[in-house]
Every structure is written in structure tokens, then in C-alpha cells.
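Peer 1: One structure coming up, written as C-alpha cells, with questions to follow.
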Amino acid sequence: MDGHTEAGSSGLQHAAMPYRGTDELAAGVASFVQAAARAGGATLIAAAAANLRFLRERLHAVDDQVAWTDISSAGLNPARLTALLRQFAAARAGQRLWCVHEPAWPARSAQELREVCRHEALLNLALAGAQVSILCPYDTRLGGAVIACAEQTHPAVIRGPRREPSSSFIAGAIPAECNLPLNPPPADAEMLEYRDGLAGVRRFAAQRARLAGLAPDRVADLVSAASELAANTLSHTAGLGTLSMWVTGGEVICQVEDTGQITDVLAGTARRDPVAPGGGRGLWVVHQVCDLAEIRTGSAGTTIRVHMRLDC
């Protein structure tokens, strides 16, 4: 079966496409875009800058029929990508959409790749039933573990012209490796316990972010994220929260721990009406301003670790 025509398809179609080299990438994306053109659907191609430039050159004949997005800026934090695809779908309600979506690339860190895996699993929930076809290319240089994770989070896998069901896909499941406990903060991490008010949290975060060399606008973003996370502690738990900060690998790391539990796996992936009931608004802000957010939650409590790059 042709992996890209999806004749008569309905609902969400989400496929991983492992590829070796740019020729395989271009061939797979071209086939997908041609199928979209035959179907008359709107097409989005979101890839990292180098592949985006390459694909625009190879697909110049359909350039004006495609919306192009540099995913390495729009989706540096993988959690932002769900909102990107939702917005694309909402703006074109009533027609089938076609998206090439490459959230992983070799320069990503191990932590980022793990969150990419989580994001791909959550897409199946966030866009369930939507009239969207998504092709997710995966460079095989990412390694076997990343490709295996892609096969777990995509109902279908495309290899060359063939589209086949993924034998390892489990609907509604997030791969276990995405929920492994985070390593503890290093011995030189600075910590603050808080219970009443946010002024101390803001002051602590701002001072340490400045000392680490974070740019002033990024200091403001990190303070906003720390404040939102601490506000959740004050609103939803009766115990203390702990804020930890440290610098490693060219990043400022800020971690908040408390005894609360996040029960909505999609919390923070969509902008909520400020007056609507329910939570998720604070996590939305965190995802928008931070380069990465790692969330671990359960009956014992929640740990959220956010990353801010010093070179941005």
C-alpha cells in the first residue's frame, strides 16, 4: 500500500517515517505533499532550520501551497508543538489537514528527545478524531532507542513506499521511559522551601538566574515560570514546596517539588480561557517561556524541572 495516499482516511492519521539521508527524507515528504495536493488539503511543514531549507529547495514547485515553520525555534520545547498543530487545525476547520512534523533532530539533548517522545504520545490524545494527517520523519542517526520510541507513539510506520501498522503502538499510553524518575539535584544546587506568598520565590529565582548569566528578558521568563509553579503549590497543596536551582551544561535549571498531583496528562498543552474553571494555565505559561519542562507526577507528589539555555 502507498504509505502516503491515505485514500478515504478519516480522523487522526499519525505515522512515523524513519529515514536515512536527505534523499529518503525528500522522497517521503514529496509523496506526502503530493497526496495532500490531490486531496485538496492544507499543508504545514515544520522541521528544523537545515531540513526546512533543504525541503523548500526540493519542493519549490509547491512552495506557495505549503505553510512552513522552523520547528527548532517554534518547538524548542516539544510541549509547544501540540499547541502549534492545534492552532493550525483550528484556523482551517472543516477541511482535512496535512502536517509534516519533525520534532526530533540529532542536536537535541537526551532530555529533549525524551520529551519529544512524550509529546508524540500526547498528540494521539490531543488530536483524537481530528481530520489531520501527520507525517513525522525521524533521522535514523538519532539511534535505535529513539526510533523504537517513535514506533511506540505512532499507530503507523512508513518505510519507503510501504505504510504498516506499528506492532509496538499502544493507544493512549505514554512510554515508560518518559516517566522515569529525574536524577536528584546536584550537591551544589541552592534550595528554598516556601509555603506563604510568592515574593521570596521570585526574589530567589531572579537572583540566581542573574548570577548564572541569564539575559535580563530570560530572567523575567524564568521568574514567571517559577512563580507559576509555586502558585500551584500554594493553591493545590497544604504542605511545603521546594524550589531548587543550579547551572549545568550551559543551562540554568529550576525545579519545583510539592505534594500535589497533576491528573490531566494534557495540562499545559492548550491555552485556557482565564475565566474558565479548571487548571493548566500556569503550566501553559511555563511551556511558553522555558526551553524545556520535565514533569513527573504521581500520588507521592509532583516534580517539575525547567531548563533555560544561557546562550539564547
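The values are calculated or read from the model by the stated rules, or taken from the named source; none is laboratory data. Because the structure is predicted, anything quoted here is derived from the model rather than measured. Neighbour counts run over all protein chains shown; Cβ positions are idealised from the backbone, glycine included.
Peer 1: Could you grab me the full set of residues in the stretch 97-106 that are farther than 25 Å from Ser10 by Cβ and in contact (Cβ under 8 Å) with a residue 40 or more places away in the chain?
Peer 2: Step one: filter the stretch 97-106 for residues farther than 25 Å from Ser10 by Cβ, giving 104-106.
Across the stretch 97-106, the qualifying residues are Ala104, Trp105.
Peer 1: Looking at Ala205, Ala225, Ala209 in this structure, which one is crowded, with 18+ Cβ neighbours inside 10 Å, of a type in the set (A, V, I, L, M), touching a Cys at 6+ places or on another chain (Cβ under 9 Å) and closer than 22 Å to Leu113 by Cα? Explain how you work it out, then say what you get.
Peer 2: Working: Ala205 fails: closer than 22 Å to Leu113 by Cα; Ala209 fails: closer than 22 Å to Leu113 by Cα.
Just a single option satisfies the conditions, and that option is Ala225.
Peer 1: Still on this structure, please answer the following. Show the residue pairs meeting these rules: Cβ distance below 7 Å; 6+ apart or different chains; first residue within the stretch 155-167 and loosely packed, with under 12 Cβ neighbours inside 10 Å; second residue in a strand (DSSP E or B).
Peer 2: Here the result reads Pro165/Ala156, each pair linking the stretch 155-167 to a residue that is in a strand (DSSP E or B).
Peer 1: Considering each of Val33, Val100 in turn, give the residue that is of a type in the set (A, V, I, L, M, F, W, C), buried (at least 19 other Cβ atoms within 10 Å of the Cβ) and part of a helix (DSSP H, G or I).
Peer 2: The unique qualifying residue is Val33.
Peer 1: Going residue by residue through the stretch 80-96, is there one that turns out to be closer than 17 Å to Val132 by Cα, exposed (fewer than 13 other Cβ atoms within 10 Å of the Cβ) and either in contact with a strand residue (DSSP E or B) (Cβ under 8 Å, 6 or more places away or on another chain) or touching a residue at least 60 places away in the same chain (Cβ under 8 Å) (or both)?
Peer 2: yes
Peer 1: Next question, about the same structure. Which residue, of Ala36, Ala104, is under 18 Å from Val132 (Cα atoms), in contact with a helix residue (DSSP H, G or I) (Cβ under 9 Å, 6 or more places away or on another chain) and of a type in the set (Gly, Ala, Ser)?
Peer 2: On the way: Ala104 fails: under 18 Å from Val132 (Cα atoms).
Matching residue, one of Ala36, Ala104: Ala36.
Peer 1: Would a scan of the stretch 59-75 turn up a residue that is touching a residue at least 60 places away in the same chain (Cβ under 8 Å) and either touching a helix residue (DSSP H, G or I) at 6+ places or on another chain (Cβ under 9 Å) or of a type outside the set (Gly, Ala, Ser) (or both)?
Peer 2: Filtering the stretch 59-75 down to residues touching a residue at least 60 places away in the same chain (Cβ under 8 Å) leaves none.
So far as the stretch 59-75 goes, no, none of its residues is touching a residue at least 60 places away in the same chain (Cβ under 8 Å) and either touching a helix residue (DSSP H, G or I) at 6+ places or on another chain (Cβ under 9 Å) or of a type outside the set (Gly, Ala, Ser) (or both).
Peer 1: When you check Ser244 against the structure, is it touching a residue at least 24 places away in the same chain (Cβ under 8 Å) and surrounded by fewer than 22 Cβ atoms within 10 Å (Cβ to Cβ), yes or no? Steps first, answer last, please.
Peer 2: Values: touching a residue at least 24 places away in the same chain (Cβ under 8 Å): yes; surrounded by fewer than 22 Cβ atoms within 10 Å (Cβ to Cβ): yes.
So Ser244 passes the test.
Peer 1: Here's something else I'd like to know. Mind listing whichever residues of the stretch 254-273 are in contact (Cβ under 8 Å) with a residue 60 or more places away in the chain and under 20 Å from Met191 (Cβ atoms)?
Peer 2: Initially, the stretch 254-273 is screened for residues in contact (Cβ under 8 Å) with a residue 60 or more places away in the chain, giving 255, 265-266, 268-271.
If the condition is that a residue be in contact (Cβ under 8 Å) with a residue 60 or more places away in the chain and under 20 Å from Met191 (Cβ atoms), then Gln255 is the only one that fits.
Peer 1: With (1) surrounded by 15 or more Cβ atoms within 10 Å (Cβ to Cβ); (2) farther than 22 Å from Cys312 by Cα as the list, and Ala199 as the residue in question, which single condition is left unmet?
Peer 2: Going through the list (1) surrounded by 15 or more Cβ atoms within 10 Å (Cβ to Cβ); (2) farther than 22 Å from Cys312 by Cα, Ala199 breaks only (1).
Peer 1: Can you tell me which of Leu52, Leu84, Leu76 is within 30 Å of His287 (Cα to Cα) and in a loop (DSSP other than H, G, I, E, B)? Talk me through it step by step, then tell me what you get.
Peer 2: Working: Leu52 fails: in a loop (DSSP other than H, G, I, E, B); Leu84 fails: in a loop (DSSP other than H, G, I, E, B).
So the residue among Leu52, Leu84, Leu76 that is within 30 Å of His287 (Cα to Cα) and in a loop (DSSP other than H, G, I, E, B) is Leu76.
Peer 1: Which ones in the stretch 267-312 are closer than 16 Å to Thr82 by Cβ, touching a Leu at 6+ places or on another chain (Cβ under 7 Å) and at pLDDT below 95?
Peer 2: If the condition is that a residue be closer than 16 Å to Thr82 by Cβ, touching a Leu at 6+ places or on another chain (Cβ under 7 Å) and at pLDDT below 95, then Ala267, Gly268, Thr269 are the ones that fit.
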